[in-house]
Amino acid sequence: MTERTVSPSPEGDLLGRDLPDGLLAVRAAEGDEDSFAILVRRHGSSLLTLARCMLGSPQDAEEAVQDAFVSAWRRLPEYRHSAEFRTWMYRITVNRCLTMRRRRPPPLSLDVVVEPAAGDAWSQPARSAEQDAATAALSRALAELDVGQRICWILREVEGLPYKEIAHVTRTSEPTVRGRLFRARRSLQEAMGPWR
Amino acid sequence: MALGDPHARPSGPHRAHGLHSGPAAADVPPFAGDEVLPCGRLLSRVWEQARDAAPADDPRTASCPHCREAVEGLATVNAATRALRTEDTRGLHALADRVMSIVGAEVRPGRLLPLADPDRDLRIAENAAAKVLRQAADTVHGARAATCRLVPEGEGTDVRVIMTLAAALDRPLRDRVHEVRRAVLHSAVQDLGLAVSAVDIAVVEVLEQEPLLRPGFPTGGGG
């Protein structure tokens, strides 16, 4: 016997870090928390970015993503892998954000617009105040978009998802996604006109 | 990457021409509110192409002043978008901890299985045993366990292990599966004390090239 490293130590989850999502999701569906923890760490930050763009506030975004993961954990045993885990998670998170928005419509004041991530301030040259203001303006314009357009735009421009996956997340077709993206770009371009 | 973009296909006859005419605007229906540029292309497609393809892959836009102007019209939006794209991981660890503590409180232990010790009536939860057996399978180079079920057999303490596996194909599958079965059986008997009647293994997925796994050194593949 070689490489006997079986142990319920914290290394257990490290061992799975190279595993593909599908395998981790299958294990998690059978109640393996360590596999689920890897999925949470792997996808948490992009889902947080998505939720932050959707909701405007980092606190609400954390709540939405937390709820989305807990909901995913509960639904995993019935998850049939018809979609990639990532796509499935995006869908759950988007739906969670929509529910939260319905519950408390966002007041559009300056302090609730999407805050650009500050954590990178140490590693990047300081952004100009003008750039920050432009980002805040973009966030406000984003908040005024039709919600379907906003979701498509965030998934494409911020998350970098391909059209096909966006269509899966939003349960629409690729032409619909591309049409919404065009209209979103058009509206945002107009809204950002003064910043040119 | 130019998924779903009709302009991403190389269209021979138009290559290397500055201004372009032809089917660009006519062969695809425009979106509501779309605009035909003076060069004949749809604004929506020019924007798509500008965002989906590297500039070098789109010589048509580069050489056409109308397309270029259309693309530049989005520059302000694109610049402001970059800040939104920056991932903020500050809250992530705390978030992951909160999620996992909720998850931990909702354990799904599965059914209780008898250990090979009928007198003392010792039992182990299926999911706890499955986790140990998956880890045993994972110690075999080029193999990763997927599902693992444990099913009691007969009236006694016998248990059948049913496992699915992802395996690499860099050496004969039969040898690898044999090695996994041995590792699982050893762990089931020695570590857990189960009376195993059989270990059924089905390979359900081909594993991509195994990252450098050294004994005792977990990979850092997930970042």
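Just so you know, all these numbers are worked out from the coordinates, no wet-lab data involved. All values derive from a computational prediction rather than experimental measurement. Here the Cβ is made from the backbone with ideal geometry for all residues, glycine too, and neighbour counts use every protein chain on show.
Figures for the structure shown
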{"quantity": "10 Å Cβ neighbours from other chains, averaged over peptide B:100-112", "calculated": "4"}
{"quantity": "Inter-chain Cβ neighbour average for residues A:46-58, partner chain, 10 Å", "calculated": "2"}
{"quantity": "Order of A:PHE85, A:PHE182 - criterion: other Cβ atoms within 10 Å of each residue's Cβ, fewest first", "calculated": "A:PHE85, A:PHE182"}
{"quantity": "DSSP bridge pairs, segment B:112-206: antiparallel proportion in percent, nearest 5", "calculated": "50 percent"}
{"quantity": "Normalised contact order of segment A:128-196, rounded percent, pairs of Cα under 8 Å and 6 or more residues apart", "calculated": "39 percent"}
{"quantity": "Full-extension gain in nm, B:VAL204 to B:ARG171, via 0.36 nm per residue minus C-alpha separation", "calculated": "10.2 nm"}
{"quantity": "Contour minus Cα-Cα distance for A:GLN59 and A:ARG171 (0.36 nm per residue)", "calculated": "37.6 nm"}
{"quantity": "Averaged over A:64-77, number of beta-carbon atoms from partner chains that fall within 10 Å", "calculated": "3"}
{"quantity": "Cα gyration tensor, segment A:18-104 - rounded (a/c under 1.5), prolate or oblate", "calculated": "prolate"}
